[in-house]
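To keep things clear, I will list the structure first and then write my remarks on it.
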């Protein structure tokens with residue numbers, strides 16, 4: 001299993017070996033096919049997450065997969081091509097912790113230099129289901145703000161989204 005960005009070497013259209021070229025000033029170099037002129041754009045990956053608050057406690061999940069296995073995250077995951085971002089947050093929350101939610105609002109959009117993920121975080125309300133550790137999750141729990149394991153959060157986006165949610169100055 002790859003936990004890093006794959007290196008693309010061949011054109012997905014014609015199979016020719018790709019070259020690197022700068023197509024426009026100010027843009028990064030692109031992978032370009034010298035035979036059919038196909039441009040292989042390496043687009044960001046979109047992640048959708050939910051801050052699920054129930055009676056003053058938020059749901060956090062302990063990851064059971066790399067990267068950051070054993071660290072805590074918000075329920076969420078990658079958005080599939082053609083899927084609405086909010087629908088992905090709902091789907092991932094159900095898959096990862098067995099809870100059906102309704103999206104209420106946007107907390108923020110998080111991206112960082114050198115990272116391929118763009119993380120979109122929503123607030124959500126609990127509709128049904130008991131919080132459980134399901135797909136890709138070692139453990140699931142409800143945390144009050146003062147109980148959040150800040151030093152054990154998996155990603156900067158998790159830290160930043162929770163700070164924005166609670167109005168904590170970064």
Practice task
Considering only residues that are out of contact with any helix residue (DSSP H, G or I) (no Cβ under 9 Å at 6 or more places or on another chain) and modelled with pLDDT under 95, look in segment 109-130 and name the one that is surrounded by the most Cβ atoms within 10 Å (Cβ to Cβ).
Solution key: 116
Completion exercise
Of those in segment 131-150 that are farther than 15 Å from residue 54 by Cα and touching a residue at least 60 places away in the same chain (Cβ under 8 Å), the residue surrounded by the most Cβ atoms within 10 Å (Cβ to Cβ) is 137
Problem - Lone qualifier among 69, 62 - being in a loop (DSSP other than H, G, I, E, B) and in contact with a strand residue (DSSP E or B) (Cβ under 6 Å, 6 or more places away or on another chain) - result: 69
Exercise for the section: Could you please find all residues in segment 43-58 being within 30 Å of residue 19 (Cα to Cα) and in contact with a strand residue (DSSP E or B) (Cβ under 7 Å, 6 or more places away or on another chain)? Expected result: 44, 45, 46, 47
Practice task
Could you please let me know if residue 96 is free of Cβ contacts under 8 Å to residues at least 12 places away in the same chain and either farther than 30 Å from residue 28 by Cα or buried (at least 20 other Cβ atoms within 10 Å of the Cβ) (or both)?
Solution key: no
Problem - Number of the exception - residue 142 against (1) farther than 26 Å from residue 45 by Cβ; (2) not in a strand (DSSP E or B) - result: (2)
Practice task
Identify the residue in segment 151-170 that is exposed (fewer than 12 other Cβ atoms within 10 Å of the Cβ) and modelled with pLDDT of 95 or more and, among all such residues, is farthest from residue 105 (Cα to Cα).
Solution key: 151
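Residues are listed down the side, and each one gets a yes or a no for (1) in contact (Cβ under 8 Å) with a residue 12 or more places away in the chain; (2) under 30 Å from residue 147 (Cα atoms); (3) surrounded by 11 or more Cβ atoms within 10 Å (Cβ to Cβ):
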residue	(1), (2), (3)
8	yes, no, yes
22	no, no, yes
25	no, no, no
29	no, no, no
36	yes, no, yes
43	no, no, no
56	yes, yes, no
Completion exercise
Exactly one of 77, 105 is touching a helix residue (DSSP H, G or I) at 6+ places or on another chain (Cβ under 7 Å), outside any loop (DSSP other than H, G, I, E, B) and under 21 Å from residue 157 (Cα atoms), and that one is 77
Exercise for the section: Could you please give the count of residues in segment 41-59 that are within 14 Å of the chain's Cα centre (by Cα) and part of a strand (DSSP E or B)? Expected result: 7
Problem - Answer residue from segment 71-85, given it is more than 10 Å from the chain's Cα centre (by Cα) and farther than 24 Å from residue 148 by Cβ and is modelled with the lowest pLDDT among those - result: 81
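The values are calculated or read from the model by the stated rules, or taken from the named source; none is laboratory data. Keep in mind it's a predicted model, so treat the numbers as computed, not measured. Here the Cβ is made from the backbone with ideal geometry for all residues, glycine too, and neighbour counts use every protein chain on show.
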